[in-house]
Amino acid sequence: MGKSYVGYLYAIPIFAVLSMAPAMAETKWPPAQDNVKPQISRSLNKASLSPVLKISKPDSSIPQDIAFFSGIWAGAPCFAANTEVKIAVRELAVEGASVVYSVGNNLGSFNDQEYDAVVMDGELVGQTPSGSKIILGKRTKDKNLNIKWLRRDDTQRSPDDKSHTCYGVLTREK
């Protein structure tokens with residue numbers, strides 16, 4: 001009988017598995033996206049992250065353009081500003097990141113949800129457990145992040161938000 005290698009599969013880091021995903025083209029951002037200013041959310045409910053959430057400092061071997069993503073980011077991901085989001089890039093590697101996010105909108109707050117993201121074409125790309133895709137991209141004119149949120153979970157959408165794709169700007173929280 002040959003050896004069983006099933007146990008070895010569990011030792012592969014999630015980032016390594018995710019980095020084997022097929023490469024995708026760089027995100028098509030709206031032409032004026034880098035001119036969009038951060039907005040204050042008008043949501044009735046606020047997004048909040050757990051106060052015990054820890055952000056790991058990126059290893060010094062990680063390139064600066066990837067290390068930039070580390071930290072907590074907040075803003076209104078939709079131009080209508082009816083939603084507030086907080087995203088914590090808590091662990092970062094060259095291949096990807098462990099992310100926690102919270103959303104507040106007129107329907108309620110959906111806090112401390114997790115997903116893994118990969119680095120593709122200088123952007124951080126991940127899919128939430130509900131099937132939404134979140135793309136974060138470093139802006140060229142300031143130290144903020146562009147966010148593209150392709151939403152798939154209708155329970156996190158306010159009744160007046162008809163769009164399935166939101167674009168916005170996130171700023172780093174202190």
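The values are calculated or read from the model by the stated rules, or taken from the named source; none is laboratory data. Keep in mind it's a predicted model, so treat the numbers as computed, not measured. Positions of Cβ are generated from backbone atoms using ideal geometry, with glycine treated the same way; all protein chains shown enter the neighbour counts.
With the structure loaded, tell me whether ILE66 is at pLDDT 85 or above and closer than 24 Å to SER130 by Cβ or whether it fails that test.
For ILE66, the condition - at pLDDT 85 or above and closer than 24 Å to SER130 by Cβ - is not met.
For residues that are over 12 Å from ASN146 (Cβ atoms) and not hydroxyl-bearing (Ser, Thr, Tyr), scanning just region 38-47, find the one that is nearest to the chain's Cα centre (by Cα).
Per the stated criteria, the residue is ALA47.
Scan region 85-142 residue by residue and report those that are assigned to a strand (DSSP E or B) and among the charged types (D, E, K, R). Don't jump to the end; show me each part of the working.
Start the filter on region 85-142 by keeping residues that are assigned to a strand (DSSP E or B), which leaves 85-92, 96-105, 108-120, 123-127, 133-138.
Answer for region 85-142, where residues must be assigned to a strand (DSSP E or B) and among the charged types (D, E, K, R): LYS86, ARG90, GLU91, ASP112, GLU114, ASP116, GLU123, LYS133, LYS138.
Being of a type in the set (Val, Ile, Thr), more than 15 Å from ARG172 (Cβ to Cβ) and surrounded by 18 or more Cβ atoms within 10 Å (Cβ to Cβ) narrows it down to one residue among VAL85, VAL100; which is it?
Among VAL85, VAL100, only VAL100 is of a type in the set (Val, Ile, Thr), more than 15 Å from ARG172 (Cβ to Cβ) and surrounded by 18 or more Cβ atoms within 10 Å (Cβ to Cβ).
Among the residues of region 25-36, are any among the aliphatic types (A, V, I, L, M), under 17 Å from the mean Cα position of the chain (by Cα), at pLDDT 85 or above and within 21 Å of GLU173 (Cβ to Cβ)?
Residues of region 25-36 among the aliphatic types (A, V, I, L, M): 25, 32, 36.
Among the residues that remain, those that are also under 17 Å from the mean Cα position of the chain (by Cα) are: none.
For region 25-36, residues among the aliphatic types (A, V, I, L, M), under 17 Å from the mean Cα position of the chain (by Cα), at pLDDT 85 or above and within 21 Å of GLU173 (Cβ to Cβ): absent.
Mind checking which residues of region 46-70 are part of a loop (DSSP other than H, G, I, E, B), exposed (fewer than 13 other Cβ atoms within 10 Å of the Cβ) and out of contact with any strand residue (DSSP E or B) (no Cβ under 6 Å at 6 or more places or on another chain)?
Of everything in region 46-70, those that are part of a loop (DSSP other than H, G, I, E, B), exposed (fewer than 13 other Cβ atoms within 10 Å of the Cβ) and out of contact with any strand residue (DSSP E or B) (no Cβ under 6 Å at 6 or more places or on another chain) turn out to be PRO51, VAL52, LYS54, LYS57, ASP59, SER60, SER61, PRO63.
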